[in-house]
Amino acid sequence: MLTGKERTRHPGSAARPGSIAAFERAKRVIPGGVNSTVRAFKGVGGTPVFIRSAAGCRLTDVDGNSYIDYVMSWGPLILGHAHPAVVEAVRSTAERGTSFGAPTDLESELAEMIVAMVPSAEKVRFCSSGTEATMCALRLARGVTGREKIVKFAGCYHGGTDALLVSAGSSALTIGKPDSAGVTRGTVADTIVVAYNDLDGVRAAFDAHGSAIAALIVEPYAGNMGFVLPQPGFLAGLRELTRAHGALLIFDEVMTGFRVGPGGAQERERILPDVTTLGKIVGGGLPVGAVAGPAAIMDHFTPDGDVFQAGTLSGNPIAMAAGIATLRALGEPGVYARLDAAGARLAEGLDDLFVRHGVPHQSNQRGAMLGFFFTSRPVVDLSGAKASDAAFYAAFFHALLDRGVYFAPSQFEATFVSLAHDDAAIDATIDAAEAALGAIERA
Ligand SMILES: *Cc1c(COP(=O)(O)O)cnc(C)c1O
């Protein structure tokens, strides 16, 4: 375990004077210097790296340092940074106008692609973020069922939606504030929190409140408390319980959608939710969120139904074009096999390294999504994830950063590979990790 002093002594920060100056400037006019909490490096200490540009699997910071990136904008960039097809789609679409506030064919085209790929989707409503998607999905579930209660899991993160900011994951967890100030007791009074993978806990919640529960929302693979997989039978159990009690099952696939397979986790696990929330990859790096599901449920949205939903920039043409270009590229033959192979190469390479260095760890991987915990106990829920050695993660993170590898600046986040992560990049990462471990052992 490193001391606090050792943790904040990052030799590489001398190579990043530009980032340090940029952060000082940002902090004067932006709260905490960032526009999304996790970017502030609170989970690992030190100064955030300010980015100048990116291409493929590499970031370049404002000082000209280059990093192999495993954050990939937190998931959207499954094709890699500045993919030529996405850049061209954005450029050519923007030339015809950036926003009309009237419908375009691009929206139908992207919706048709989603319907073709995501097993439970018959209709799609677009918005501009994953947060908005989960907010609308909850409203939809409540409108459809006429019920008010929601079940969520501790450590699952569904964006900044007020009713779901209870025992939240991601940056809320990183900064140790999983419940936000400013969310009224009334707003979360109808939110029931259960431990991930605790089917008995879910059963108890339904036994106690079944006729009042509108929906259960879950990350089918949890990627916001680190990467935690469902135990065998867990998702099937959720499907059974929600159906038996007349509640909707919402799969929040904002992170897993189009990442762990063309049809997301629902396809991989062969469990069909009633409602699916999407984001990240579906916008190809531009702001898009989506709610998808069977027509009988989706038609409850206004204007045909009575569940209000709207957005000035919803279905924005440039964002739609970026999403279309991304999903089209993902439709090429062999793409998911390549993504799986890249994920496995990195996960197995690091796993092997940790074993050789005697570092207690747990690792999980599904396709282009993976994660590590530094603990000797299997991690199936938030309490297990919290047992991971945060100081060791921080030391590993900084030792890698100093060697040109950018992992998530928090142990409570997943690691993402893209089609741009070729064998050479992954092998260079494993070499850097070996050197990083060596440096930590010497310290
Ligand atoms: C990222 C994420 C969200 C929130 O999406 P934003 O676009 O950041 O609002 C919601 N749910 C899950 C599972 C996510 O990973």
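Backbone geometry of region 40-45 corresponds, through the Karplus equation with coefficients 6.51, -1.76 and 1.60 at θ = phi - 60°, to 3J(HN,Hα) couplings of 7, 6, 5, x, 10, x Hz, x marking Gly and Pro. For the chain, the solvent-accessible area works out to 40 Å² per residue, with a probe of 1.4 Å and every protein chain left in place. Helix 423-442 and the longest principal axis of the Cα set of the chain meet at an angle near 60°. Close amide-amide hydrogen proximity is noted between PHE153 and VAL194, each under 5 Å apart and 5 or more residues distant or on a separate chain (H modeled in the peptide plane; Pro and chain starts excluded). With 18 Å as the limit, write out which pairs from LYS42/LYS177; LYS177/LYS386; LYS27/LYS386 have Cα-Cα distances beyond it, or answer none. With Cα atoms farther than 18 Å apart: LYS27/LYS386. Over what distance in Å are the Cα centres of region 41-61 and region 136-201 separated? If we compute the Cα centre of each part, the gap is 30 Å. Comparing ASP304, ASP179, ASP351 in a Gaussian network model of the chain (Cα springs below 10 Å), the most mobile by mean-square fluctuation is ASP304.
Within the chain, DSSP assigns beta bridges of which about 55% are antiparallel (rounded to the nearest 5).
Comparing GLY159, GLY233, GLY210 in a Gaussian network model of the chain where C-alpha atoms under 10 Å apart are linked, the largest mean-square fluctuation is found at GLY233. Restricting attention to region 84-330, close to 35% of DSSP beta bridges with both partner residues there are antiparallel. Springs between alpha-carbon pairs under 10 angstrom, Gaussian network model over the chain: which of LYS149, LYS27, LYS280 fluctuates most? Checking each option, the largest mean-square fluctuation is seen for LYS27. In this Cβ point-charge picture (+1 for Lys and Arg, -1 for Asp and Glu), region 396-438 has a dipole of about 160 debye about its Cα centre. Helix 335-356 and the longest principal axis of the C-alpha atoms of the chain enclose an angle of approximately 50°.
Scanning residues 5 or more positions from LEU419 or on other chains, those with amide H under 5 Å from its amide H are LEU79, GLY80, with H placed 1.01 Å from N in the peptide plane. Taking the longest Cα principal axis of the chain as reference, the axis of helix 234-244 is set at about 20 degrees. The charge dipole of region 334-443, taken about its Cα centre with unit charges on the Cβ atoms of Lys, Arg (+1), Asp and Glu (-1) only, comes to about 240 debye. Distant-in-sequence amide contacts of HIS361, defined by a placed amide H-H separation under 5 Å and a gap of 5 or more residues or a different chain, comprise THR375.
The values are calculated or read from the model by the stated rules, or taken from the named source; none is laboratory data. Being a predicted model, the structure only gives us computed values, none of them experimental. Cβ: placed from backbone, ideal geometry, glycine included. Neighbour counts: every protein chain shown. Remember, those area values only see protein heavy atoms, side chains included, never the ligands or the DNA or RNA. Shrake-Rupley method; radii C 1.70, N 1.55, O 1.52, S 1.80 Å.
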